[in-house]
Amino acid sequence: MIPFLWLILLTHIRWVNTADLANVSTSQVLNIFILAGQSNMSGRGGVINHGQNGLANETWDGVIPPECQSNPNILRLNAGFQWIEAQEPLHQDIDLGKVCGVGPGMSFANSVLKRDPSIGVIGLVPCAIGGTNISEWARGGVLYNHMIRRTEAALQGGGKLQALLWYQGESDTETLEDAKLYRFRLKRLFKNVLRDLQSPTLPVIQVALASSIGSYMEQVRKAQLSINLPNVRTVDAKGLPVGMDYVHITTLAQVQLGQMLADTFLQTHQTTQAVLLPVQTETVTSNAPRRCSNFVLDLLLGPFR
Ligand SMILES: *[C@@H]1O[C@H](CO)[C@@H](O)[C@H](O)[C@H]1NC(C)=O
Ligand SMILES: *[C@@H]1O[C@H](CO)[C@@H](O)[C@H](O)[C@H]1NC(C)=O
Ligand SMILES: *[C@@H]1O[C@H](CO)[C@@H](O)[C@H](O)[C@H]1NC(C)=O
Ligand SMILES: *[C@@H]1O[C@H](CO)[C@@H](O)[C@H](O)[C@H]1NC(C)=O
């Protein structure tokens, strides 16, 4: 798979020149979200395997629930680095060689727009690749570089990077050693992304795994839940229905997950919008209740705690 990816990336690097990058001009704010991780982020909702005796013969059922419909205010950065109106499956030209279906991205975007129509246009940057482990996402690797490059391209036409949505971990549940190293690797990844994108306060919203085929799911889940970086928020996949393949969450689960991600994003966003300015100017003198400014204080003081 890696040589194949390389080929694709190399072709892109040749094709893309700055003139093509992120062709969007909108009078509204473009809110940019990175979607990264493995197959559940890429989306397998509605993918059915018709193969027998363990053979793979997969197709996507094409069912797009109302919560995942396209909307002129939801764009997607395609593999050619252009903004186009987003449409399921969001990762079809990114997570190549797989049958992609419904993921959480469209449900997330529709839910954010529905509840905060004033936010403007949403720009999704799909980067997830099925079956990948956290080591393959390490800084300097193909997947990492691709994600950073796509995000930088997305930002070229203006807009604001609003969050990284991350759903990964299943591929690290197979050996005890990987599961033990997961926390360190995940934390390092998040820190590197914030640094390389020069966005130290970028919210990271991750999904905690709920089950897996590997034996060490509990260790990986614990690692996810224990990430104590101030801008990391966690949404729990526990209870979301897993499909007939026992490997991926279903279309309806993806709809629900997208809404949970939107809830978490909007809470973070509103807190930041409402409190950031006063706190920044009044950090020392303000007697404002700590309760609602904890998040921002955490962001500012995080490194010292
Ligand atoms: C895959 O499944 C479809 C739908 O059941 C069937 O029509 C097709 O022949 C199968 N293809 C292969 C290669 O088995
Ligand atoms: C960006 O360019 C592509 C290719 O020219 C076009 O299909 C797409 O609609 C454009 N996107 C927007 C949002 O204008
Ligand atoms: C991660 O995946 C790569 C490629 O499949 C593999 O070579 C490597 O051993 C895996 N690493 C870990 C720590 O599982
Ligand atoms: C997809 O997510 C579900 C729920 O967390 C989990 O049980 C499953 O292992 C995940 N599958 C993959 C391939 O990540």
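The values are calculated or read from the model by the stated rules, or taken from the named source; none is laboratory data. Worth saying up front: this structure is predicted, and the values here are computed from it rather than measured. Cβ sites come from the backbone with ideal geometry, for glycine too, and all protein chains shown count toward neighbours.
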Lone qualifier among Leu21, Leu30 - being away from ligand 1 (no atom under 16 Å from the Cβ), aliphatic (A, V, I, L, M) and at pLDDT below 90: Leu21
Would segment 203-215 turn up any residue that is away from ligand 3 (no atom under 16 Å from the Cβ), out of contact with any Gly (no Cβ under 9 Å at 6 or more places or on another chain) and either hydroxyl-bearing (Ser, Thr, Tyr) or in a helix (DSSP H, G or I) (or both)? yes
Which pairs turn up if I take residues in segment 65-87 that are part of a helix (DSSP H, G or I) and look for partners that are polar (S, T, N, Q) with beta carbon separation below 6 Å, at least 6 apart in sequence or on another chain? Glu67/Ser107; Glu67/Asn110; Cys68/Ser107
Pairs under 6 Å by beta carbon, first residue more than 19 Å from Lys191 (Cα to Cα) in segment 221-246, partner at pLDDT below 95 and surrounded by fewer than 19 Cβ atoms within 10 Å (Cβ to Cβ), six or more apart or different chains? Ala237/Ala210; Lys238/Ala210
Would you please name the residue that is farthest from ligand 4 (Cβ to nearest atom), looking only at residues in segment 36-47 that are over 9 Å from Gly101 (Cβ atoms) and not polar (S, T, N, Q)? Ala36
Answer with yes or no whether Ile48 is surrounded by 11 or more Cβ atoms within 10 Å (Cβ to Cβ), within 16 Å of ligand 1 (Cβ to nearest atom) and at pLDDT below 95. yes
Which members of segment 80-99 meet the condition of being under 17 Å from the mean Cα position of the chain (by Cα), of a type outside the set (S, T, N, Q) and away from ligand 3 (no atom under 16 Å from the Cβ)? Ala86, Glu88, Pro89, Leu90, His91, Asp93, Ile94
